[in-house]
1. Quick test of your reading of the structure: Leu290 fulfils all but one of (1) farther than 16 Å from Ile235 by Cα; (2) within 10 Å of the ligand (Cβ to nearest atom); (3) in contact (Cβ under 8 Å) with a residue 60 or more places away in the chain; (4) not hydroxyl-bearing (Ser, Thr, Tyr). Name the failing condition by number.
2. Taking the condition crowded, with 22+ Cβ neighbours inside 10 Å, within 21 Å of the chain's Cα centre (by Cα), touching a residue at least 12 places away in the same chain (Cβ under 8 Å) and within 16 Å of the ligand (Cβ to nearest atom), does Leu160 pass?
3. Of the residues Ala247, Ala236, Ala188, which is touching a strand residue (DSSP E or B) at 6+ places or on another chain (Cβ under 7 Å) and not charged (D, E, K, R)?
4. Picking from Ser77, Ser111, which residue would you name as being under 28 Å from Arg334 (Cβ atoms), over 17 Å from the mean Cα position of the chain (by Cα) and of a type in the set (Ser, Thr, Tyr)?
5. So Lys11 fits all but one of (1) surrounded by 18 or more Cβ atoms within 10 Å (Cβ to Cβ); (2) over 30 Å from Arg220 (Cβ atoms); what number is the exception?
6. Tell me whether region 320-333 contains one or more residues that are crowded, with 19+ Cβ neighbours inside 10 Å and in a helix (DSSP H, G or I).
7. Being over 13 Å from Gly99 (Cα atoms), out of contact with any His (no Cβ under 8 Å at 6 or more places or on another chain), among the small types (Gly, Ala, Ser) and in contact (Cβ under 8 Å) with a residue 12 or more places away in the chain narrows it down to one of Gly142, Gly134, Gly204, so name that one.
8. What about Val342, is it more than 16 Å from the ligand (Cβ to nearest atom) and either in contact with a strand residue (DSSP E or B) (Cβ under 7 Å, 6 or more places away or on another chain) or touching a residue at least 12 places away in the same chain (Cβ under 8 Å) (or both)?
Amino acid sequence: MQKFIVEGGRKLRGEITLQGSKNSSLPIMAAAILCGEECTLRNCPALTDVYAASRILNCVGCRCMFSGNTAVIDSTSLSGTEIPEELMHEMRSSIIFMGAMLGRTGECTVSVPGGCELGPRPIDMHLAAMKKMGVDIRDSGGQIVCRTRKGRAKGTKLSLSFPSVGATENIILCAVTAEGETVINNAAREPEICDLCGFLRACGADIKGDGGSRIVINGREQLHGCDYAIMPDRIAGATYLSMTAAAGGEIILTEACVPEMEPFLNVLEQTGCSIYSRGSRIYLRSGSRLRAVSDRIRTMPHPGFPTDAQAVLMAALAAADGTSVFEENIFDCRYRHTEALVKMGADIQVLGKVAIVRGVQRLHGANVEATDLRGGAAMICAALAAEGTSEITRIEHINRGYEKIEDAVTALGGSIRRA
Ligand code: EPZ
């Protein structure tokens, strides 16, 4: 079991280039199944979740080769329609392969996916939408067996009860080769949905309205391969900015997606950090001490404040002047990192979906365990700001979403090593 050892108290200073987005790469890798040819994906981050997606592709007969941050996926030779349970359990995004497999072959066998422990993460919306698109779904000894009636799903009008990112992606994947028109009302508007649609359009799909809450898709019989660059990771960006805000210093993020990061940047700016952007560069200089954020920080679907940035910002605000209040509205159980932050000296009270963070003078190092991907990243932010040494275990959670995080922190002058 590997761990990170972090020596806190050093200011961060320097420039880093943002990795490609994990949450775009995974659905786009699944989407590569649909084109039945070779696709080249650039800016694909080297992450354990990306490798888990490539194992799924291999297991259904696709070829997936990596060279640096370029992945070449050839789905010409797709031969299977069943994803084994152990691969489904490796990550939540495995469920996205359902829509892609149905779109390509009209059938698939999957099971309930794994993923970060953020509370119950049902797939009822995914299944209900597939059924409405003419897919027969039955449970066979824990496996979810899906089959379209005529080998092709049927376009239809769908209204989601909540703008689920995964359900929107699954519907899009199934709809791009379905018969007729599919309309998704109350669709998720996350930038990663636009990135997936950008990739699918480059493969010949007919999709309109992504980025808004009504997406219209006209099914095409055949898609083709393409060469596509994945968008930068806005949550990795939020993490490096939060680290610098917490530890103090100056950072330039290059190749960042500035408009997509605005919901986060607008809140971070209220802590007193100076933030400027030009083109795809974001510059942040921390103040001498951070200020608490006076408005309640409510996580909401995009363009609201992102739930994935809640933990890292909380780590920064743990040692700010004043009290900040968070309200987590996306997941039921996304405050598991607070226990570790409290162990590091933070004063945080969790009351249901609200967390009250009373800023302390200084955090101190402690031995803590990463609870989930973003919670683990928050522990690194806190450890960099703290006095003394911290050891963070269960870092396999962190490896799922951050490419060479220790190299990035070291390049900024922070002290972190993997042991
Ligand atoms: C995506 O998860 C992201 N994952 C998550 O990122 C992110 O936190 C989340 O969207 C919200 O932005 C990927 O893109 C791979 P949802 P997803 O479906 O698709 C409930 C990270 O740290 N729901 O929008 O699983 C669900 O339980 C991760 O990178 C149902 O009830 O999120 C949750 O409460 C973690 N039934 C809410 O909706 C369903 O059928 C939002 O889930 C589907 C979802």
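1. Evaluating Leu290 over (1) farther than 16 Å from Ile235 by Cα; (2) within 10 Å of the ligand (Cβ to nearest atom); (3) in contact (Cβ under 8 Å) with a residue 60 or more places away in the chain; (4) not hydroxyl-bearing (Ser, Thr, Tyr) leaves (2) as the failure.
2. On the way: crowded, with 22+ Cβ neighbours inside 10 Å: no; within 21 Å of the chain's Cα centre (by Cα): yes; touching a residue at least 12 places away in the same chain (Cβ under 8 Å): yes; within 16 Å of the ligand (Cβ to nearest atom): yes.
It is false that Leu160 is crowded, with 22+ Cβ neighbours inside 10 Å, within 21 Å of the chain's Cα centre (by Cα), touching a residue at least 12 places away in the same chain (Cβ under 8 Å) and within 16 Å of the ligand (Cβ to nearest atom).
3. Values: Ala236 fails: touching a strand residue (DSSP E or B) at 6+ places or on another chain (Cβ under 7 Å); Ala188 fails: touching a strand residue (DSSP E or B) at 6+ places or on another chain (Cβ under 7 Å).
The match here is Ala247.
4. Of Ser77, Ser111, the one residue that is under 28 Å from Arg334 (Cβ atoms), over 17 Å from the mean Cα position of the chain (by Cα) and of a type in the set (Ser, Thr, Tyr) is Ser111.
5. Lys11 satisfies every listed condition except (1).
6. Checking region 320-333: not a single residue is crowded, with 19+ Cβ neighbours inside 10 Å and in a helix (DSSP H, G or I).
7. Numbers: Gly134 fails: over 13 Å from Gly99 (Cα atoms); Gly204 fails: out of contact with any His (no Cβ under 8 Å at 6 or more places or on another chain).
Of Gly142, Gly134, Gly204, the one residue that is over 13 Å from Gly99 (Cα atoms), out of contact with any His (no Cβ under 8 Å at 6 or more places or on another chain), among the small types (Gly, Ala, Ser) and in contact (Cβ under 8 Å) with a residue 12 or more places away in the chain is Gly142.
8. In short, yes.
The values are calculated or read from the model by the stated rules, or taken from the named source; none is laboratory data. Source: prediction; values computed, not measured. FYI the Cβ positions are ideal-geometry reconstructions off the backbone, even for glycines, and counts take in every protein chain you see.
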